[in-house]
Amino acid sequence: MFTSVDDVAARLAETGYLASPAVATTVFLADRLGKPLLVEGPAGVGKTELAKAVAQVAGARLVRLQCYEGVDESRALYEWNHAKQLLRISAGRDETWDETRTDIFSEEFLLPRPLLTAIRGDDPKVLLIDETDKADVEVEGLLLEVLSDFQVTVPELGTVTATRRPFVVLTSNASRELSEALRRRCLFLHIGFPDEELERRIVRLKVPGLDEALARSVVRVVGALRAMDLRKLPSVAETIDWARTLIALGADTLDETVVRDSLGVLLKHQEDVLKATAKLDLDAL
Amino acid sequence: MTSPATGVTGVTDGTGVADRLTSLVAALRAHGIRIGTGETVDAAEAVAALGLTDRELLREGLAATLLHSPAQRPVFDPVFDLYFPRGVGAPEGEAAGRDDLRDRLASALAADDRALMGRLAVEAVDGYGGYGSSPGSDGWSSYQTLDRIRPQTLLARVRDEIRARGGSAGFADRLLEDEIRRRIEAFRALVVAEARRRVAERRGRDEIARRAVAPTADRVDFLYAGKAQVAELRRAVQPLARKLATRLAARRRRAARGSIDLRRTLRGSLSTGGVPMKPVLRRRRPARPELVLLCDVSGSVSGFSDFTMLLVQALHDQFSKVRVFAFVNRVDEVTGMLVHGRADPQGLGSRIQAEATLTGWHGSSDYGMALGEFAERYGDAVGPRSTVFVLGDARTNMSDPNLAAVRQIRERARRVYWLNPEPMSSWGTGDSAAPEYAALVEMHECRNARQLSELVARLLPV
Ligand SMILES: Nc1ncnc2c1ncn2[C@@H]1O[C@H](COP(=O)(O)OP(=O)(O)OP(=O)(O)O)[C@@H](O)[C@H]1O
Ligand SMILES: [Mg+2]
């Protein structure tokens with residue numbers, strides 16, 4: 001898919017995703033080695049966005065499995081369309097039960113879910129398994145199975161084997177430690193907060209009205225907040241939100257009042273706001 | 001991105017790379033990172049796909065293939081630096097004067113040019129880090145380098161330089177000094193890495209990799225953990241507690257199955273003509289045990305006590321009752337504070353210090369006084385169902401160890417264990433009363449999170 005690490009970075013940038021060298025290198029290797037990519041990191045650093053960007057670059061369809069507590073096989077893999085099956089049975093054509101049964105367990109009545117969708121068909125796909133850590137441990141067993149062989153068995157239909165393996169991205173906020181076995185299947189990428197220069201480029205790209213000088217100040221303030229001992233550190237998503245807020249407020253430079261009034265966009269906990277207010281000398285007004 | 005200057009040196013052919021990679025993997029394994037053959041093969045493929053021209057890409061590629069969690073990264077980076085160094089030997093050209101070097105460092109800090117800072121770190125160690133009869137003949141020291149270059153004294157100058165060229169106006173100017181401090185910190189880290197690399201060249205990489213790289217959080221010595229490591233340890237509490245809870249539950253199930261009750265088995269056998277057909281298992285009493293923690297929270301061992309208290313708190317539903325007492329030279333109960341401490345583990349230690357009455361007229365720990373006060377005031381916290389853990393280094397500051405108090409506690413409790421964060425080899429040295437206490441209660445060396453979790457899994461009552 002890619003010719004070099006630089007090629008990855010350049011093509012992701014065309015879609016609006018600015019990759020650090022670590023991100024570009026790992027995406028390049030995941031493609032070369034044909035391994036799933038496990039992306040971990042704090043909220044809002046662009047994990048989900050990365051998968052979307054890769055799909056766009058590859059001209060691939062994005063198939064997304066959003067994990068949550070209680071997600072199960074019937075949501076992740078496939079399910080039979082019971083309502084439709086019942087209708088078919090009660091429509092009662094002139095046939096034996098065996099014939100009916102064969103019919104209602106056919107393709108027509110199958111509801112494929114993301115994992116099955118991702119391995120069927122010949123078109124290129126990116127499978128995004130988002131927030132894997134939210135799913136229960138049992139689901140990991142299922143993922144492991146699918147990601148090892150890229151095949152799924154539907155007892156009534158037989159085994160589906162991928163003719164074209166999808167590019168797989170798993171994301172996690174590390175709210176729970178994923179199993180060692182699953183980790184071993186994957187290339188591991190930790191995305192942390194970007195360095196100053198990269199973050200400045202990201203905000204300028206996402207918030208076109210922002211001039212270079214204000215972007216610089218914005219990123220510096222965010223950097224200072226991240227060095228504080230806060231409950232929740234502001235992420236790239238918050239930097240972007242803050243920049244948009246500043247534009248909306250018509251601020252073309254930062255000053256005490258503007259920062260104090262908009263700090264809530266960056267910090268989600270009142271005690272963090274208080275701490276930052278003190279450390280940034282905003283309470284001296 | 002791929003100029004020769006950024007590549008890996010000292011590796012020219014395929015076998016060289018393979019050897020490096022194998023040694024790198026061995027060194028990482030020696031640090032407790034589990035790496036299978038599959039990962040090693042992936043890593044070799046990564047090297048083939050990336051080439052050797054850009055060292056930073058190679059670093060990321062190897063990290064992606066060999067590591068499985070961010071906690072392993074701080075171990076990986078310095079080991080990588082040893083096996084895939086930026087350069088070998090010394091830089092070319094005349095050694096620069098100290099002032100000249102400081103001038104250039106000031107500009108690099110002002111521009112936040114990390115690449116230049118890296119090159120200056122190399123130059124600094126080369127010019128000022130060598131010691132012995134001729135520079136470098138005996139070794140290389142980052143400490144000596146930093147002592148001569150004194151990067152921290154450049155703060156004001158860098159700040160003024162940035163301001164002079166209008167690089168920091170308006171609101172964000174108030175952030176400037178802290179920003180520069182962080183850059184200086186980064187430069188110090190580069191100097192440390194470079195000195196380590198040179199020592200490795202002299203002494204053999206494998207030995208350095210084994211000895212000089214900071215261990216993963218669970219192997220960090222409690223007594224020497226830095227601030228970042230303590231924070232990392234705290235994050236490890238919850239996962240560790242979950243693992244331990246599972247193991248305790250398993251032990252409890254096994255214990256509940258119990259041993260054969262001979263009398264009841266025989267009684268039951270009367271109906272089968274005295275042939276014991278059905279063994280009757282003795283049921284264990286279902287009541288959960290009680291736990292009492294007595295923790296030295298004086299400065300010298302506070303990291304250890306904090307961690308253990310948080311761990312026990314996280315395990316509290318495994319017990320019918322948990323009570324925690326803290327002391328320096330006086331004892332106070334802190335059970336309540338610990339419950340609230342869950343929300344804010346960072347603040348726990350300082351709140352205990354602030355709110356509990358732990359010190360009398362002096363601030364250093366006094367085991368004799370504290371143990372005596374505990375036996376006297378809180379004696380009834382300890383009963384036949386309770387297991388007591390004493391946490392501390394048993395350093396009495398030369399005062400009376402009060403062995404009678406320990407005997408008294410031992411008599412009332414079901415079991416008493418003492419966990420000592422000092423290496424066993426220093427028990428009894430100086431003012432340590434460890435041997436005296438160890439003669440009365442079972443004492444274990446407990447130097448890091450790994451040892452602690454093993455001990456907890458083994459010793460905690462079920
Ligand atoms: N490197 C980047 N290039 C472009 N945009 C980025 C980059 N990093 C983050 N963003 C932007 O930041 C925002 C948050 O990204 P995203 O939703 O992907 O985060 P996430 O890591 O998936 O967070 P969560 O864990 O909350 O799901 C998006 O608007 C995205 O466009
Ligand atoms: Mg996301």
Open item on the list: Given the options A:258, A:245, A:278, identify the residue whose Cα lies farthest towards the positive end of the charge dipole of the range A:196-284 (+1 on Cβ of Lys, Arg; -1 on Cβ of Asp, Glu).
Closed with: A:245
Open item on the list: Restricting to Cα atoms and excluding each atom paired with itself, what does the Kirkwood estimate give for the range A:238-285 in Å?
Closed with: 11.0
Open item on the list: Cross-link candidates for residue A:134: which aspartates and glutamates have Cα within less than 20 Å, leaving aside residues fewer than 8 places away along the same chain?
Closed with: A:40, A:49, A:69, A:72, A:73, A:145, A:177, A:180
TODO: Name the residues of the range B:49-70, by number, that are at least 10 Å² less accessible with every protein chain in place than in the isolated chain; the surface is that of heavy atoms, probe 1.4 Å, without ligands or nucleic acids.
DONE: B:49, B:50, B:57, B:60, B:61, B:64, B:65, B:67, B:68, B:69, B:70
Open item on the list: So for each of A:258-270, A:236-248, A:24-36 I average, over its residues, the number of other beta carbons within 10 Å; can you give me the resulting order with the highest mean first?
Closed with: A:24-36, A:236-248, A:258-270
Open item on the list: Spelling out what I want: for every residue of the range A:181-192, take phi, set θ = phi - 60°, compute 6.51 cos²θ - 1.76 cosθ + 1.60 (Karplus), and round to whole Hz; glycine and proline get x.
Closed with: 4, 5, 4, 5, 6, 10, 7, 9, 10, 9, 9, x
- [ ] Determine ³J(HN,Hα), in whole Hz, for all residues of the range B:395-406 in sequence, where each value follows from phi through the Karplus function 6.51 cos²θ - 1.76 cosθ + 1.60 and θ = phi - 60°; x replaces Gly and Pro.
- [x] 8, 8, 6, 6, 8, 5, x, 6, 5, 4, 5, 5
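Tell me the total accessible area that A and B bury against each other, 1.4 angstrom probe, in square angstrom rounded to 100.
Values: alone 14330 and 23340 Å², together 34960 Å².
Summing both sides, the interface buries roughly 2700 Å².
How many partner chain Cβ atoms sit within 10 Å of a residue's Cβ in peptide B:171-180, on average, as a whole number? Write down the numbers at each step before the final one.
Details: counts 12, 14, 2, 8, 9, 2, 0, 5, 5, 0.
Across B:171-180, the average partner-chain Cβ count within 10 Å equals 6.
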TODO: Excluding residues on the same chain fewer than 8 positions from residue A:275, give the lysines whose Cα lies under 25 Å from its Cα.
DONE: A:232, B:227
Open item on the list: If amide hydrogens are placed 1.01 Å from N in the peptide plane, which non-local residues have theirs closer than 5 Å to the one on residue A:174?
Closed with: A:41, A:133
- [ ] Could you work out the mean count of beta carbons from other protein chains within 10 Å of each residue's beta carbon in A:25-32?
- [x] 6
Task: Loop-located trypsin sites (Lys or Arg not before Pro) in the range B:12-51, at most 16 other Cβ atoms within 10 Å (DSSP) - done: B:34
Task: Along principal axes, Cα extents of chain A, largest first, whole Å - done: 85, 43, 36
Open item on the list: Give the separation of the Cα centroids, the range A:94-118 to the range A:124-140, in Å.
Closed with: 26
Open item on the list: Viscosity 1.306 mPa s, temperature 10 °C: what is the translational diffusion coefficient of the range A:196-284 from Stokes-Einstein with a Kirkwood Rh over Cα pairs, rounded to a whole number of µm²/s?
Closed with: 123
- [ ] For the range A:255-285 and the range A:147-186, compute the distance between their C-alpha centroids and round to whole Å.
- [x] 44
Task: Other-chain or far-sequence residues with amide H under 5 Å of residue B:324's (modelled H) - done: B:293, B:334, B:335
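Explain nothing, just the number: dipole magnitude of the range B:98-209 about its Cα centre with +1 on each Lys and Arg Cβ and -1 on each Asp and Glu Cβ, in debye rounded to the nearest 20. Walk me through the numbers before you get to the answer.
Working: 22 positive and 20 negative charges, 14 e Å.
Once rounded to the nearest 20, the dipole reads 60 debye.
Over all distinct alpha-carbon pairs, what is the Kirkwood Rh of the range B:98-209 in angstrom? Each step should come with its number before you reach the end.
Numbers: mean 1/r = 0.0678 Å⁻¹.
Final number for the Kirkwood radius of the range B:98-209 is 14.8 Å.
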Open item on the list: I need the Debye-formula profile for the range A:30-184: one equal scatterer per C-alpha, no solvent, reported as log10 I(q)/I(0) at q = 0.11, 0.12, 0.13 1/Å, two decimals.
Closed with: -0.49, -0.57, -0.65
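When only Cα pairs under 8 Å and 6 or more residues apart are kept, what is the percent relative contact order across the range A:17-174?
Details: 237 pairs, mean separation 53.9, N = 158.
It comes to 34 percent, rounded to a whole number.
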TODO: Could you order peptides B:407-414, B:159-166 by the average number of other Cβ atoms within 10 Å of their residues, highest first?
DONE: B:407-414, B:159-166
Open item on the list: Looking at chain A only, what percent of DSSP beta bridges run antiparallel? Nearest 5 please.
Closed with: 30
TODO: Return the whole-Å distance between the Cα centroid of the range B:365-386 and the Cα centroid of the range B:19-68.
DONE: 53
Task: Overall Cα dimensions of the range B:14-83 - principal axes, largest extent first, Å - done: 27, 21, 20
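The values are calculated or read from the model by the stated rules, or taken from the named source; none is laboratory data. Owing to the predicted nature of the structure, the values given are computational and were not obtained by experimental measurement. Neighbour counts run over all protein chains shown; Cβ positions are idealised from the backbone, glycine included. Note: accessible area is taken over every heavy atom of the protein model, side chains too, but ligands, DNA and RNA are not part of it. Shrake-Rupley method; radii C 1.70, N 1.55, O 1.52, S 1.80 Å.
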